[in-house]
1. So the check is Cβ under 9 Å with 6+ separation or different chains; which pairs have a first residue in the range 39-66 that's touching a residue at least 40 places away in the same chain (Cβ under 8 Å) and a second one that's hydroxyl-bearing (Ser, Thr, Tyr)?
2. If I filter the range 2-14 down to residues being open to solvent by 70 Å² or more (accessible area, probe 1.4 Å) and assigned to a loop (DSSP other than H, G, I, E, B), which single residue comes out as modelled with the highest pLDDT?
3. Can you tell me how many residues within the range 1-14 are free of Cβ contacts under 8 Å to residues at least 40 places away in the same chain and within 16 Å of the ligand (Cβ to nearest atom)?
4. What strands (runs of 3 or more DSSP E) completely inside the range 15-89 contain at least 3 residues that are surrounded by 12 or more Cβ atoms within 10 Å (Cβ to Cβ), within 14 Å of the ligand (Cβ to nearest atom) and under 13 Å from the mean Cα position of the chain (by Cα)?
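The values are calculated or read from the model by the stated rules, or taken from the named source; none is laboratory data. All values reported here derive from a predicted model rather than from experimental measurement. All Cβ positions, even for glycine, are placed from backbone atoms using ideal geometry, and neighbour counts span all protein chains on display. Note: areas computed on protein heavy atoms with side chains; ligands, DNA, RNA excluded. Shrake-Rupley method; radii C 1.70, N 1.55, O 1.52, S 1.80 Å.
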Amino acid sequence: MEPIRCCVACKARKDKKEFFRIVADNEKKAIIDKNQNINSRGIYICKDKKCIESLKKAINKNKVKIKIDINDCSLLEVLEELGEVIWEK
Ligand SMILES: [Zn+2]
């Protein structure tokens, strides 16, 4: 069975392949883990603009609860990028 993960925005539980994975590098900068194989703690978010927007709002209001130490600005940039990936579909 594939590992089940939880979306940081809507808390939905799904197969990890259904999510985008974001990890922090050793300078706390957010990076998209496209192949989901970077050996670092990461967060998962649905490939859904609603979840991306709600996480962006939470960051802007300083209300994010994520378990990894990550730079907010770089996380916003990554979310921006992921949002564009979705629009292109
Ligand atoms: Zn979600």
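1. Note: no pairs meet the criteria.
2. So the first thing to find is which residues in the range 2-14 are open to solvent by 70 Å² or more (accessible area, probe 1.4 Å), and the list is 2, 4-5, 11, 13.
The next check asks that each one be assigned to a loop (DSSP other than H, G, I, E, B); those that pass are 2, 11.
Working: 2: 75, 11: 96.
Going through the qualifying residues, I end up with 11.
3. Total satisfying the criteria: 7.
4. Values: elements: 19-24, 30-32, 42-46.
Fully inside the range 15-89 and qualifying: 19-24, 42-46.
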